[in-house]
Every structure is written in C-alpha cells, then in structure tokens.
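Derivation of every value follows stated rules applied to the coordinates shown; laboratory data play no part. Note that the structure is a prediction, hence the values are computed from the model and not measured. Every residue, glycine as well, gets a Cβ built from its backbone with ideal geometry; the counts of neighbours run over all protein chains shown.
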Amino acid sequence: MKKTILSTFSAMTVLAVLMASCGGASAPQTSLKNSVDSVSYAYGVSMADQGLVQYLEQSGVLQSTSNIEYDYQMRIAAADSTQKEALQKERAAKIDSINKINAPRLNEFIKGLKATINIDEKSPYAQGLSIGTQFSQQMLPQFNTMLFGANSTQKVNNDQILAGLISVLKNKQLAVSKMDANALVQKEIEKAQEAEQVRQEEDLKVQYADSIAAGNAFMAENAKREGVVALPSGLQYEVLKAGKGTIPTETDRVKVHYHGTLINGTVFDSSVNRGEPASFGVTQVIAGWTEALKLMPVGSKWKLYIPYDLAYGAQDRGTIKPFSNLIFEVELLEIEKK
C-alpha cells in the first residue's frame, strides 16, 4: 500500500469524516505529547486538506478565497516593487473581509460537527453534524483498525484529530505541515500493515509447524546427498545436464522448460506436461528461481530445491500451502533477444 490514506476514497466519502463528541465551536488545544497525538493531529490536517474546504465552499457554507489568491498572484507577479506592496495589502484586506464573513458560519459548522442531533440539513451546523456522525461510525473506526489492528483497544486521540482539522479550516499555523501530515499518516499506516503482516505470519507458522519441520528436515537431509550444492541463501541445486552457453543477468528474459513438485512429489505446475516452454524475465519469478537462473549457463538442466522463504512464504496458493518447500527441474533453453 503506497497510496495516501485518503486516496482510496471519493471526495464525498472523504468529507464524511468528522467526529461528534465535544460541545462548542472552539478547537481543542494542540498538544503533541506522543506519536499517537502526532498521527491523530496529522490525520485531522490531512482530512481537511483533501477535500473538506472545497466541499464547504461548494455547499455555500464558506465563501472561497481561491479566486482572489489566484488573481492577485498573477497581478503581483507582473508588478514592480512599489505596486507589489500595495497589491499585497489589497489582497490581504479582501481575504480578511471574507474570513470575517466565514468565521461565524465556520463556528456553526464546527458546533454541528461535534454534536449528535439532527436539524435543518441545509445549515452549516447540520453539515458538521452529518459529517461528524458518519466519521464516528465509519472513518474513525477504520483508521483505528488500520493503525492498531482490529483487536486492539488502543485508539487515536480524537481531540488532536479535531485540532489538526480545525487548524486547517481556520488557517492557523500548523504544528505539522499539510505535506508532512500526509506523509506521516501514510508512514504510520504502512508500519502498522507491516507489523500486522508479521503477526499473521507468526500465527500461520504455529498452524503449519509440522509442515515447516518436515520441510526443514527434508532440506537438511537433501543437502547431504552427493552432487547437491547448498548455497548460503538456503537454495540447493544439483546439475542434471551442464550447459556451456551464456549465463543470464537480471535484465534478461529467458525461455525455459520446468517441472514443479512439492517435496512429497505432488505436481503443481509443469511446462513439460503442457508441452510448451515458458518465457519470463529473470526477476519476474520467485527468489529461488532468480538466484538459480543467474548461475545457470544456457543449455543447463538443474534440479532446484527451494526453501519456502525463497518461494511463496506464507502465501496459500492452493496446492502450494503456506511455508511449502518446492522442487523444480529447470532446463534453460535460451536467453531471448531484446
């Protein structure tokens, strides 16, 4: 998952994001005492930055300053130093005027955002209420699950989410910039996903402990056989036919015949049985294959004994169960021309 936290949601869904808990229209004080506070605040900043302001403007809750900013940006860029100063003051005055108009409506929106009762759906208060209710029921639980896991009692800091969000809405100086907020949220989610993946794999290892032990025993005994080469990575191979051609590199595409089985002899895939060679890039296959191909001269036929961590690891691929060691007979027919 290399997307930002909000990139998987439509603009309207992103707007269904604020919580219904505190009363009043003021923002909670920013207080970033720990990593949970920081990512909570960053989430509020990120949500506000990714569509909320535009939604409030389109809904008529707020008047937009975008046209003023764009117009004066162009005029200031073309002005001399004396004119620039006057234009900057003029721009600031106009934006300040709109901010004064927006302020009471924004406060109403924030009050509604933090409330729990339904009123006139067209008012700023109702907009905040609607969004807050949906957020508390949908987005916030999902965010907690993404950060801490479905079974965790740990939660994000709701006050800091609001502090970050409202700081953006009120154009306050941010403790975490918009760019950094998005990056921080994404980083924490990816870290949580990696930790969850490790946890799930450890659970699976307990479930498949007998299979793992059998695979390890097979590899240990196999390494003792004459003609079997055991590499530091754990990959083992024996040469059935020695080739004298070129050895592929990572950037090459090769044509091969292969026959794949589990250590108990079950066939799971075979180009030989299909009667048609396969072609693929040297790095487009499992790690054990890639390592072997970069050692095999064209014309070779090797038997590969691949430990699960160089094959499909904890993945369940039907016939190939999690933590399965694999055996392949591989004949390297040619390196395809580019």
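Looking at this model, which pairs from K187/K255; K224/K301; K84/K170; K89/K111; K187/K321; K303/K338 are more than 29 angstrom apart at the alpha-carbon?
K187/K255; K89/K111; K187/K321
Taking the Cα centre of the chain as origin and assigning +1 to Lys and Arg Cβ atoms and -1 to Asp and Glu Cβ atoms, the resulting dipole is close to 480 debye. Membrane-span-like helices in the chain, defined purely by DSSP H runs whose alpha carbon atoms cover 24 Å or more axially and whose average Kyte-Doolittle hydropathy reaches -1.0, are 81-113. Estimated from helices alone, the mean residue ellipticity of the chain at 222 nm is -14500 deg cm²/dmol (sum of -39500 (n - 2.57) over DSSP H runs with n ≥ 4, per residue).
Projecting the Cα positions of F143, N102, P124 onto the charge dipole of the chain (unit charges on Cβ atoms of Lys, Arg, Asp and Glu, taken about the Cα centre) puts N102 furthest along the positive direction.
For the chain, modelled as a GNM whose springs connect Cα atoms under 10 angstrom apart, the maximal fluctuation among G265, G132, G313 occurs at G265. Between Y70 and R225, the FRET efficiency from the beta-carbon distance, with R0 = 51 Å, is close to 0.10.
Specify the residue with the greatest mean-square fluctuation among T145, T319, T133, computed from a Gaussian network of the chain linking alpha-carbon atoms under 10 Å apart. Of T145, T319, T133, the most mobile in the Gaussian network model is T319. Rounded to the nearest 20 debye, the dipole size of region 266-327 about its Cα centre is 140 debye, using +1 on the Cβ of Lys and Arg and -1 on the Cβ of Asp and Glu. Sparse packing (at most 10 other Cβ atoms within 10 Å of the Cβ) combined with a DSSP loop state is found for the following GluC sites (Glu not before Pro) in region 165-249: E226. Between V239, V36, V45, the Gaussian network model of the chain with springs among Cα atoms under 10 angstrom shows the greatest mean-square fluctuation at V239. Mind jotting down the distance between the C-alpha centroids of region 267-338 and region 119-168, whole Å? When both Cα centres are located, 48 Å separates them.
Restricting the calculation to Cα atoms, every distinct pair contributes to the Kirkwood radius of the chain, found to be 25.0 Å.
So which trypsin sites (Lys or Arg not before Pro) in region 161-265 are both in a DSSP loop and have at most 13 other Cβ atoms within 10 Å of their Cβ?
In loop regions of region 161-265 (DSSP not H, G, I, E or B), the sparsely surrounded trypsin sites (Lys or Arg not before Pro) are K172, K224, R225, K244.
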